[in-house]
Amino acid sequence: MRNGRDMTMVPLPATIIGRKELSADTTLYRLTLESSEKDRFDFNPGQFVQLSVPSGGEVPLSLAGPPLLHYSFELCVRRVGHVTDMLHHLLPPNRVGVRGPFGNGFPLSEWTGRNILLIAGGLGIAPLRSLLYALLMRRGEFGEITLMYGAREPSAILFKEELAELSGRRDMHLFLTVDFATEQSPGGLACNTGLLPTLLRGVNFSTTGTVAAVCGPPALYRCLLEELQGFGITAEHIYLSLERRMKCGVGLCCHCAVGDLFCCSDGPVFRYSQLKGISGAI
Ligand SMILES: Cc1cc2nc3c(=O)[nH]c(=O)nc-3n(C[C@H](O)[C@H](O)[C@H](O)COP(=O)(O)OP(=O)(O)OC[C@H]3O[C@@H](n4cnc5c(N)ncnc54)[C@H](O)[C@@H]3O)c2cc1C
């Protein structure tokens, strides 16, 4: 509490300083806080902010860019409804409100020396992009790094230019797949056709001492989690990010309860072993 008010509940003014259309319905925004908080804004990949659009409302959004991005941060937003549609109409230097960062994020320091497998389905690439760049910034601390990313169709693949650059790196592996192929090589990228579980079964990756971070829609979790355990990756070492409708973002309002856990403050990143016994968690 500062000045008698809980500052976690007070949005700070932020300015949109950049935006890039990534697909027909998804845009990458770069924002900077206007206040003195700007140089203190730091986060762990997997954390989220509550972004408010003036006269619109507030929505939780994952931090999608690398940490320490010169006093700015990135959000990758799909236009699905009221608030995200209003945001879509804002251009630099429009202003919004930001609370956070909230939630726990991925525990990178516990992963030292391990092989890392990242699996992103659709918009799940947003938090995993942040995680990937954080891992690459500390590249020497980890074993093999593999990113598997699946999208509905070639036009829905986000961050095509960055993926092209990543595919040329020798210190990580990148595998892409689309459910439906409408073009041979989307944006010049080598791409498989089929669902992520098929990709997982069809490519080589290290399964010894491996940590998996999975982010995507619930249907992806339902088909991938058992499969990953079949490769010998235990539920303790599988991390996933949950999405729930949330209000306060700090564990006060109980809107995002998952059993005894709150998605906003205990998560949104959970070990699969934490969720396995909770009915309706996934
Ligand atoms: C921790 C967390 C991180 C998220 N990160 C991102 C992100 O990086 N990028 C992004 O685009 N979206 C993200 N979301 C989802 C985003 O918060 C919702 O899309 C947004 O709240 C929709 O608000 P709206 O007013 O535009 O839509 P509404 O008009 O409220 O709803 C439109 C449709 O979206 C569905 N919806 C609304 N809220 C959610 C939700 N929380 N989860 C799933 N479906 C929802 C509704 O059921 C409805 O079908 C995240 C959600 C959480 C909880």
Taking the options Cys254, Cys264, name whichever one is more than 13 Å from the ligand (Cβ to nearest atom) and either in the same structural domain as Pro45 (by TED's automatic domain parsing) or assigned to a loop (DSSP other than H, G, I, E, B) (or both). Cys254
Of all residues in the range 226-251 being more than 17 Å from the chain's Cα centre (by Cα) and closer than 22 Å to Phe102 by Cβ, the one that is nearest to the ligand (Cβ to nearest atom): Lys247
Would you point out which residue out of Thr198, Thr208 is surrounded by fewer than 20 Cβ atoms within 10 Å (Cβ to Cβ), assigned to a loop (DSSP other than H, G, I, E, B) and either at negative phi or aliphatic (A, V, I, L, M) (or both)? Thr208
Please tell me if Leu128 is part of a loop (DSSP other than H, G, I, E, B) and under 19 Å from the mean Cα position of the chain (by Cα). no
Closer than 24 Å to Ile157 by Cβ and part of a helix (DSSP H, G or I): is that true of Leu240 in this structure? no
Restricting to the range 146-188, count the residues that are farther than 15 Å from Val203 by Cα and assigned to a loop (DSSP other than H, G, I, E, B). 16
For residues that are away from the ligand (no atom under 16 Å from the Cβ), of a type outside the set (Phe, Trp, Tyr) and buried (at least 23 other Cβ atoms within 10 Å of the Cβ), tally how many sit in the range 267-282. 0
Check whether at least one residue in the range 228-245 is touching a Gly at 6+ places or on another chain (Cβ under 7 Å), closer than 30 Å to Met9 by Cβ and exposed (fewer than 13 other Cβ atoms within 10 Å of the Cβ), and report yes or no. no
Just for the range 44-58: of the residues that are surrounded by fewer than 21 Cβ atoms within 10 Å (Cβ to Cβ) and either more than 9 Å from the ligand (Cβ to nearest atom) or not in a loop (DSSP other than H, G, I, E, B) (or both), which one is nearest to the chain's Cα centre (by Cα)? Asn44
Would you please name the residue that is farthest from the ligand (Cβ to nearest atom), looking only at residues in the range 73-124 that are open to solvent by 20 Å² or more (accessible area, probe 1.4 Å) and among the basic types (Lys, Arg)? Arg114
Does the range 33-48 include one or more residues that are hydrophobic (A, V, I, L, M, F, W, C) and modelled with pLDDT of 95 or more? yes
Given (1) more than 30 Å from Thr15 (Cα to Cα); (2) in a loop (DSSP other than H, G, I, E, B); (3) within 16 Å of the ligand (Cβ to nearest atom), number of the condition Gly143 does not satisfy: (3)
Please determine, by comparing only the residues of the range 100-125 that are hydrophobic (A, V, I, L, M, F, W, C) and touching an Asp or Glu at 6+ places or on another chain (Cβ under 9 Å), which one is nearest to Arg222 (Cα to Cα). Leu117
Given (1) of a type in the set (Ser, Thr, Tyr); (2) open to solvent by less than 30 Å² (accessible area, probe 1.4 Å); (3) touching a strand residue (DSSP E or B) at 6+ places or on another chain (Cβ under 7 Å), Ser62 misses just (2)
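The values are calculated or read from the model by the stated rules, or taken from the named source; none is laboratory data. Owing to the predicted nature of the structure, the values given are computational and were not obtained by experimental measurement. Positions of Cβ are generated from backbone atoms using ideal geometry, with glycine treated the same way; all protein chains shown enter the neighbour counts. Areas reflect the complete protein model, heavy atoms only, side chains present, ligands, DNA and RNA absent. Shrake-Rupley method; radii C 1.70, N 1.55, O 1.52, S 1.80 Å.
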